[in-house]
Amino acid sequence: MITIYGVLRSRASRNIWLAHEAGLDFRHVPVIQVYRLAGPLAGPDAAYAPMHTASPAFLAVNPNAQVPTMTDGDLVLSESLAINLYLAKAHGGALGPASLAEDGQMAMWSLWAATGVEPHSISIFYNRFGKPPAERDATAADVAEAALRAPFAVLDQALAATGYLVGGRFTVADINVAEIIRYAVPAPALFEANPRVKAWLAACQARPAFKRMWAERDAEPV
Ligand SMILES: N[C@@H](CCC(=O)N[C@@H](CS)C(=O)NCC(=O)O)C(=O)O
């Protein structure tokens, strides 16, 4: 049995989306980030006391104290994109690679997004939306938006041939990159300047498996 640890308001969203795309039978343990249990939610009398990233039971699974984590039998994996690449290959059919070349391309796009996009897209998300207004840094968000102009143009060009990243079909590469590009939505100019990226993200998020994950995310208590 596959188990995915992590609330959907975390990078576990990527893994649950892929699991729904693949029609996987899996167990979901909604481990929450410990910082989100601050304030009235904290303490022994809290009505909502789920397993969190500092719970000893979770640290026994992932000593990095981060979600997501996945177990498949004896295998334990952390790192959301690695989990998706594994799940796609092991259980994902056409979501995974059909050749060694596609395998390399899926890893390439995932690492491209993790290293070249995510630090900036996360900054845009937190500094224009996620943090309380008083804690937002408008300059940091502007710097991050500027840093994403070139990668967005590269992605737009890559989508020109088929509308997908690898193999002319929807794959784990689209999920991994779309989930990281999503954080940049509070920078609409990036999408207006790159209409293929805008259309591709909308198409990815119109898929039933994404919508199912998003509805489950909205239904989480906090
Ligand atoms: N590179 C890691 C990053 C994991 C990560 O930063 N997870 C956050 C939530 S999205 C977390 O668990 N933070 C721990 C905490 O705040 O308690 C991945 O992609 O899985």
Here the gain from full extension of residue 9 to residue 27, 0.36 nm per residue of separation minus their alpha-carbon distance, amounts to 4.8 nm
So the FRET efficiency between residue 140 and residue 54, C-beta based with R0 = 41 Å and rounded to 0.05, is 0.90
In nanometres, the difference between 0.36 nm per residue of separation and the alpha-carbon distance of residue 196 and residue 108 is 29.7 nm
Length gained, residue 74-residue 122, 0.36 nm per residue minus C-alpha separation, equals 14.0 nm
The summed charge of the residue 180 Cβ neighbourhood (under 12 Å; Lys/Arg +1, Asp/Glu -1) stands at 0
One would report the antiparallel percent of DSSP beta bridges in the chain, rounded to the nearest 5, as 65
Sorted by accessible surface (1.4 Å probe, heavy atoms of the protein chains only), largest first, 108, 1 come out as 1, 108
Carbon/sulfur accessible area of the chain, % of total, 1.4 Å probe, equals 60
With +1 at each Lys and Arg Cβ and -1 at each Asp and Glu Cβ, the charge dipole magnitude of region 1-132 around its Cα centre, to the nearest 20 debye, comes out at 500
Expressed in nanometres to one decimal, the distance between label points 7 Å along Cα→Cβ at residue 36 and residue 218 is 1.7
Distance in nm between residue 115 and residue 206 label points, each 7 Å along Cα→Cβ, equals 3.4
So, relative contact order of region 58-160 in percent, Cα under 8 Å, 6 or more apart, is 14
For the chain, shape from the Cα gyration tensor axes a ≥ b ≥ c, cut at a/c of 1.5 then a/b versus b/c, turns out oblate
Partner lysines whose C-alpha sits under 27 Å from that of residue 131, ignoring same-chain residues fewer than 8 away, are 198, 211
Taking a probe of 1.4 Å and leaving out DNA, RNA and ligands, the chain shows per residue an accessible area in Å² of 47
For residue 61, the accessible surface traced by a 1.4 Å probe with all protein chains present amounts, in square angstrom to the nearest 10, to 40
Rounded to one decimal in nm, the spacing of the 7 Å Cα→Cβ label points at residue 100 and residue 169 is 2.1
Computed for region 58-136: size of charge dipole around the Cα centre, +1 on C-beta of each Lys and Arg, -1 on C-beta of each Asp and Glu, debye to nearest 20, value 380
For region 126-169, whose charge dipole is built from +1 on Lys and Arg Cβ atoms and -1 on Asp and Glu Cβ atoms, the candidate among 132, 144, 162 with its Cα farthest towards the positive end is 162
For the chain, the dipole about the Cα centre with charges only on Cβ (Lys and Arg +1, Asp and Glu -1), to the nearest 20 debye, works out at 340
In deg cm²/dmol, rounded to the nearest 500, the helical mean residue ellipticity at 222 nm of the chain, built from -39500 (n - 2.57) for every DSSP H run of length 4 or more, is -14500 deg cm²/dmol
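The values are calculated or read from the model by the stated rules, or taken from the named source; none is laboratory data. Here the structure is a predicted model, which means the values were calculated and not measured. Virtual Cβ from ideal backbone geometry, glycine too; neighbours counted across all protein chains shown. Calculation scope for accessible area: heavy atoms of the full protein, side chains included, ligands and nucleic acids excluded. Shrake-Rupley method; radii C 1.70, N 1.55, O 1.52, S 1.80 Å.
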